[in-house]
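What follows draws every value from the coordinates through simple rules; no lab data is involved. Keep in mind it's a predicted model, so treat the numbers as computed, not measured. Neighbour counts run over all protein chains shown; Cβ positions are idealised from the backbone, glycine included.
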Number of protein chains: 2
Amino acid sequence: MAKSKDPSEPGSGEQRRLQMVDIARLAGVSVSTVSRALNGSELVNAETRQRVAELARSLNYSINFGARNLRLQENKTIAVVVPYDASSRQHISDPFFLSIVGAIADALTDRGYDMLLSRVDADRLDSAAHWVDSGKAIGVVLIGQWRQHDQLNDMAARKLPLVVWGGEMPQQLYASVGGDNVLGGSLATRHLLQLGRRRIAFFGDAKLPEVWLRRQGYAQALREAGLQVDPALELAAPFEPGVATDIVRSFCAARRDFDAVFCCSDVLALLTSQALRATGRSVPGEVAVVGYDDMPLAAYCDPPLTTVHQPVGEAGEALVEALLGQLSGERPGPRTMPVCLKLRASAPAAA
Amino acid sequence: MAKSKDPSEPGSGEQRRLQMVDIARLAGVSVSTVSRALNGSELVNAETRQRVAELARSLNYSINFGARNLRLQENKTIAVVVPYDASSRQHISDPFFLSIVGAIADALTDRGYDMLLSRVDADRLDSAAHWVDSGKAIGVVLIGQWRQHDQLNDMAARKLPLVVWGGEMPQQLYASVGGDNVLGGSLATRHLLQLGRRRIAFFGDAKLPEVWLRRQGYAQALREAGLQVDPALELAAPFEPGVATDIVRSFCAARRDFDAVFCCSDVLALLTSQALRATGRSVPGEVAVVGYDDMPLAAYCDPPLTTVHQPVGEAGEALVEALLGQLSGERPGPRTMPVCLKLRASAPAAA
DNA sequence: ATGAAAGCGCTAACAT
DNA sequence: ATGTTAGCGCTTTCAT
């Protein structure tokens, strides 16, 4: 049993954290009264309430949330989990994911929740459940569904409070919030077609749900224009710049039979512009490039990126709302948010 | 008092979270034994230990950390706090800060600590103390000291476990970890001088300690070359791209009497390249540009940025080590880490 | 309007 | 080797 340290014991230099019992003693009331006063209960005399509150403030007292939560069986902590690619040992790094994290942080703070941030192996998204199982958090926001649609469905089946940033897939049991990827893909592709481009490459790993959906939009826009999808112009480039660089470079070095590229992230678009120029082609002159995400730096690249804008701030709000909704009993469901095309120099407005 | 819900009560559909008492009942032992078994105590019979552990695993039990922490007076959560500029309402956004957060997340995870991420008004860095006061975290890592050197000293005086990413300042009571800013400033400037540039502008807000130190390195390198600092070539550009853009643009539009710029962040360097080209100057031909941080995207910009590389991974480790050191009684102190110059096209190696 | 006491889920000292 | 019990700091029922 813990030694009960006598607080009046002289020479005990170590300063114990202030707690209610201390306030109570100093105010000459009981702990219950302090608790009530600090929680603004009507049951306690206004004058006493005032006095206790004052005292607590002046002593810089702040409540022990661990104890409070245990007693109230309550917790206002949400786990936000950013997957990383274990094989390539790539870190949280895509600027877009990080923007989303910022937006979620804001949305949570506004609602009085705390955010526990962690990273998880993208192959084991289900390990994110431990945050809830251990009581450290009451729900999970996962940034990206990666290849683990099934794991996510399992988690949802287990009633884990969960929201995923990502695309809406058929037979999806978990709640998701994402941009309208099909629309994004077709907006980007239609714009390139309007510029008169006919040989439009697609860069992105279609094993990822979001990319798969963007590819649908891409294919649809081509069909509308009476064109065929040419599989030779599809490159399964991943999001991690380290891995993607080589893939993009060798593609650009090997083929010259395309006049535009639709990239599934701005980072990819940047790599692509660079690779194209390294092989002597101009952007957008010979090859127009469209990115995806509209990351904070997209407007400051050279050339500034034409890109599909994702509504980051609203996304943060929507993710948090969806999660809190579940926690108050709503049924999880997918949500798709509008996206729009930001025209910049890498694929400028049609002349 | 909480109603004691009889667990054997029939028809109670609501599933309560599994706890030790449940395992104990099913295993036919007492809670203490379960506790001991799960903590691998030698006091419990090996066979029993095995059986209990098995049972817990198969039932997917996980311990309630809130209760455990309350009992053990222990907590393994660290608050990581990213300041934001309240006046401009700018968010966490500088890629470099975000990289550091990622590195800290890794370092904490490796050591079994959790990370609470939050944002704070850069004018009120001291409000970060509430994480510790409330017991939600046992220490604070602050990303950047901004203009609040004094607040930080106050926090340290209050014995708040705290580490700050930033520059080492005179009369500093708090622990800090940072790159060698003076070295960084002089490496960058010397390189530009070697390229034959003589009119080197300095972009950065010298009210921030880190920038102030970089400026010292800059000034020192100029003096070594027998040159004077020209105050007209100093621009107090902030880190927030939104605010900085206009400032940088009007400076570049107004003056043409410089042939190089040393920027205190890569984002600033990007803005500067863009502004220069908008006024018809080539980079690095007419004006060479050096950035700072070596953010993940620096190599993929156009032109790729020559920049002062900060050791992000090591920085994360060092910040965490410094904080944990304080928690085990070490005296806080500053730590400065080496930096180096990464040569790329925006200020290429001398011919 | 206030205080005494029980208990949130866990650990550990003390018994056996 | 295992069980009993007290208590971590708080809230709340119950009694006054």
Only residues of the range B:110-137 count here: report those whose backbone N is under 17 Å from the spot 7 Å along Cα→Cβ of A:Leu59, or say none.
-> B:133-135
Among A:Lys159/B:Lys76; A:Lys136/B:Lys76; A:Lys136/B:Lys136; B:Lys159/B:Lys207, the pairs whose Cα-Cα distance exceeds 18 Å are A:Lys159/B:Lys76; B:Lys159/B:Lys207
Count, for each residue of B:294-303, the Cβ atoms from other chains sitting within 10 Å of its Cβ, then give me the mean as a whole number.
-> 6
Taking each label point as 7 Å beyond Cα in the direction of the beta carbon, state the distances from A:Asp110 to the same residue in the other copies, shortest first, in nm.
-> 3.7
Taking H placed 1.01 Å from N in the peptide plane, check which residues at least 5 places from B:Asp302 or on another chain put their amide H under 5 Å from its amide H.
-> A:Asp302
Taking H placed 1.01 Å from N in the peptide plane, check which residues at least 5 places from B:Ser265 or on another chain put their amide H under 5 Å from its amide H.
-> B:Tyr292
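Rounded to the nearest 0.05, what FRET efficiency do A:Ser32 and B:Lys342 have when you use their Cβ-Cβ distance and R0 = 45 Å?
Details: r = 63 Å, r/R0 = 1.39.
That pair, A:Ser32 with B:Lys342, gives E of 0.10.
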Counting partner chain Cβ atoms within 10 Å of every residue's Cβ in A:59-71, what's the average?
-> 5
Expected 222 nm ellipticity per residue - DSSP helices of 4 or more, -39500 (n - 2.57), all of the protein assembly as shown, to 500 = -12000 deg cm²/dmol
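Given the protein assembly as shown, what whole percent of its Cα pairs are spread farther than 50 Å?
Working: 50736 of 246051 pairs.
Tail fraction, whole percent: 21.
Which peptide among B:328-341, B:258-271 comes first, and what is the full order, when sorted by highest mean count of other Cβ atoms within 10 Å? Write out the running numbers ahead of the final one.
Numbers: B:328-341: 14.1, B:258-271: 27.4.
Answer by packing, highest mean first, reads B:258-271, B:328-341.
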May I ask you to report, in nm to one decimal and beginning with the shortest, the distances from A:Val31 to the same position in the other copies, taking label points 7 Å along Cα-to-Cβ?
-> 1.7
Check A:Gln310: other-chain or 5+ apart residues with amide H under 5 Å from its amide H, H built from backbone geometry?
-> A:Asp293, A:Asp294
Taking the simple approach of a point 7 Å from Cα along Cα-to-Cβ for both A:Ala232 and B:Ser127, what is their distance in nm?
-> 6.0 nm
Per-residue HN-Hα couplings for the range A:321-332, Karplus 6.51 cos²θ - 1.76 cosθ + 1.60 at θ = phi - 60°, whole Hz, x for Gly and Pro?
-> 4, 4, 5, 5, x, 4, 5, 9, x, 5, 7, x
What nm value, rounded to one decimal, do you get for the distance between B:Asp150 and B:Gln19 when each label is placed 7 Å out toward the C-beta?
-> 4.9 nm
In nm, one decimal, shortest first: how far is the label point of A:Gln50 (7 Å from Cα along Cα to beta carbon) from the matching points in the other copies?
-> 6.9
What FRET efficiency, computed as 1/(1 + (r/R0)^6) with R0 = 60 Å and r the Cβ-Cβ distance, is obtained for A:Arg281 and A:Arg331, rounded to the nearest 0.05?
-> 0.75
May I ask you to list the residues of the range B:229-272 whose amide nitrogen lies under 20 Å from a point 7 Å from Cα along the Cα→beta-carbon direction of B:Arg223?
-> B:229-235, B:262
